[in-house]
Structures are given as C-alpha cells and as structure tokens.
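Some notes on the structure that comes next.
What follows draws every value from the coordinates through simple rules; no lab data is involved. All of these numbers come straight from a predicted model, not from anything done at the bench. No Cβ is skipped: glycine too gets one built from the backbone with ideal geometry, and neighbour counts run over all protein chains shown.
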Ligand code: C6P
C-alpha cells in the first residue's frame, strides 16, 4: 500500500537503513552493467521497468555459461551435454515452483511470456469449457494480452466478454465484479497489478468470490511478480501467468502456472516434439505434465537465465525489494503531485511501482522525447491498455515505472526533467 512518505534530504541508502531496511541500492546497482552507461551525455535514468527490466550480471553470466559449456537439446540425448542441459532446464523449473510456491513442478509450464500463457489457457481450457451463450469475465484495466485472447475465444464460440468496471482512482469495483459472476461465467481473467495504473487488485477476494460459484480464475501476474512475493497456493488461483523479462530475466521466456488437475484435463496447445509419449498414424498419446504443453525445443538458455534471475531476487529478499520500491513510489507520488498541471492517472490505495500521468495538454510523446534528451527513459502511449485510456477520456499517458535498482535521486532527475518540459511548453 502506498502512503505518501515524508521527503527526506538524506540519501536513499541512509534513508532506507534508517527505515530499518537492509537493502543497499548502491550495491544493487553495481550488479547491473547497463546502468553504468551515459545516454545522450547524461547518466542513464531507466524508468521503463514495466516494459522490461534490466539484467544483472549473474543472469548474463548464466546465459553465456550455458552456451559456452552446456548447450545441447534437452529430454532427447543420452550424451553428457544433453543430460547436463536437461538438468539445468529442470532446475530452473524447480526454481519457478519455489518462486510461486506451486505444489509441484508439473504445474510449471515454460512459455514465451505472459501473452503466450494467457493464449494457451484461452485456446485449451477456454475452447473446451466455453460454449455458445457462456461468459468470460475480465476487468476494465486489463492489458490487451488479457483481453484479445478472450475476445477471439468468445467470437469463435458465440460467448460474451463481460467487463468489471473500476472507479476514478483506478480501483476495481468489487461489488460490480461480484454482480457479473453467474452460472454462465466459465472463467475469470484478471490482472494482479495493472500496467497502466499500478493498481494492485484484491485477487485473493476475487478468487474467493469466483470459487464460491466454481468458476476458475486466471491471474495475469506480469506486473506483480517483479514487485512482491506471490504464493499461488495461498491465492488459490487456478492459473497464474508471468514474463521472465520483467523479473530481470531474458526475453522470450515466461511461466504459466496451472493447478495440475486442470492442466491434466486440458488438451495440448501446440503439437510437435516432446509433447508426445507415442505417435502412430492412427493415434498419438500425449506426454505427461508439464511436457504436454511444451512442444518443440524450448528456450533452454532463457529458462536457465530466468532461474538465475529468480535466485538473484530471492538473494536480495522479496520483502526488501517491495519495501524499497514502496518507498520510491511514495516519494515519486509526492514529488510529482507537487508539479503544477500534473494529473496522476491511477491513484488507488494499493499500488505497485507504476506512476502514470499527464501534464496539462502536452502530448505524452513530447514529454517522453524531452525526458529522453535528459537521459531519462519512460514509456508514453496507451501501454497496450487502450480501454484504460478510454475510461479516463485520454489518448495516452507518460509512465514512469520503478525497479529494485532505482533511487530517489533518479526520481529527483525525473521531476527536474518534467519541470523542463513545462518550461519548453510555457
Ligand atoms: N506490458 C508494458 O509496458 P509480454 O509482452 O507477454 O511479456 O507481457 C504482456 C503483458 C501482460 N500483462 C500485463 C499486465 C503486462 O503489463 C504485459 C506487458 C508491457 O506495460 C509491454 S506492453
């Protein structure tokens, strides 16, 4: 939860130590080689972490070590390298199981990212359970990746997409959500954290409400897992999706968690090598979980890199990461609120690491371009969440998003940059 903290003249490190945190952001920054560079003659201030986060040296090393020493195809060879690569890939799966507190490694499916995870569920669970006249329930703050797969499914099946609204602060209207649950609802799909607003949704309560009517819930955790500990058993979600590149891992790898009873009963998503246990022209028997959903050669190096990323985060401690980012968000919220003509888009009580805003009638792309000249990277646009923009009657926002390596000084630089934008357009 974000409460606006008192601004302090102290440096971030000492502030955090005074606040009782062990988190040493200066040391942490040293782990990320990309942050050492200058951009446009200025120190890089990277505040586009919701789009993708930077990678620590341990992740870069794990990937190069894999290619230098271990590269082979997995689950196929009996030779030394293949056995070794298989062990590394499966060790990464065990890390994901521990990271999410899944009951079993069979519940961890490696996919390309959150987008593929959601499409997998829509095309397998969705196609077998959603029929004509049925409903799929989402919220109005979803990323396009958690809208369009369900739209395609509903169109194909003659079902309808129901959308739970949110208020002016960007908080889901839980009563309205509950009213939309009914006997026709076949699945609920909801973001844990909104990428455009930063809202942390009450997913535990959402799941409880849906389960009271035996409706399964998919949680899009793309913007949650980088920021706080997620326990899929405590949430009791049926599916959970996230992308590796937002948790300091490589692109092209992500995770779909699914309860094994559901995954077991689902048909495969894609077909090919590794997802079968036997093939004849008459009949194919599918492989057991999780391999049934991992057709073809997977992104082995990506899984290895993601394993290293999660180990890195655990080493820092998810609670300390959350506390550090909470401080940054509170500090930035107060500092930006003090700038005239700023409108914060997304002011929910429960927020994580995202600050979306508009500035007078200055186009967000102009804000982004001027900040870029100062070496400050933010994202501008609709953030693949056009319905959120429509809800606020705007076309776009400027979005600063924080990660574990950001500092209060970087937020000061952002504030200074925004003041410059105001001057340019005065
Ligand atoms: N949001 C952003 O800048 P992929 O592209 O599959 O890794 O993640 C898709 C996705 C799904 N759900 C949420 C809540 C997301 O935020 C994203 C990705 C990025 O906000 C890129 S558009």
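Some observations on this one:
- Residue 264/residue 204 FRET efficiency (R0 25 Å; Cβ-Cβ; nearest 0.05): 0.50
- Among 24, 31, 231, the order by Cβ neighbours within 10 angstrom, fewest to most, reads 231, 24, 31.
- Approximate spin-label separation residue 423-residue 152, in nm, with each point projected 7 Å along Cα-to-Cβ: 4.9 nm
- Residues 420, 246 arranged by fewest to most Cβ contacts within 10 Å: 420, 246
- Ordering of 312-320, 90-98, 347-355, 273-281 by burial proxy (mean other Cβ atoms within 10 Å per residue, highest first): 347-355, 90-98, 312-320, 273-281
- Global form of the range 66-215, assessed from the alpha-carbon gyration tensor, a/c cut-off 1.5: prolate
- For the chain, the longest principal axis of the Cα atoms and the long axis of helix 318-337 meet at an angle of about 40 degrees.
- Here is how the number arises for the chain: DSSP H runs of 4 or more residues each give -39500 (n - 2.57), the sum is divided by the residue count, and the result at 222 nm is -11000 deg cm²/dmol.
- Euclidean distance between Cα centres, the range 359-426 to the range 93-108, Å: 37 Å
- Mean Cβ count within 10 Å, highest first, over the residues of peptides 409-419, 190-200, 133-143: 190-200, 133-143, 409-419
- Cα pair distances in the chain, grouped into 10 Å bins until the bin that holds the longest one, percent each: 5, 21, 30, 25, 14, 4, 1, 0
- In nm, spacing of pseudo-spin labels at residue 395 and residue 369 (7 Å Cα→C-beta vector): 1.3 nm
- Per-residue Cβ neighbour counts within 10 Å put 357, 402 in the sequence 357, 402, beginning with the fewest.
- Taking 7 Å steps out from each Cα toward its Cβ at residue 91 and residue 75 produces label points 2.0 nm apart.
- Degrees separating the helix 364-373 axis from the principal Cα axis of the chain, which is the longest one: 70 degrees
- Taking every alpha-carbon pair in the range 60-314 and binning the separations at 10 Å intervals from zero gives 7, 31, 34, 20, 7, 1 percent.
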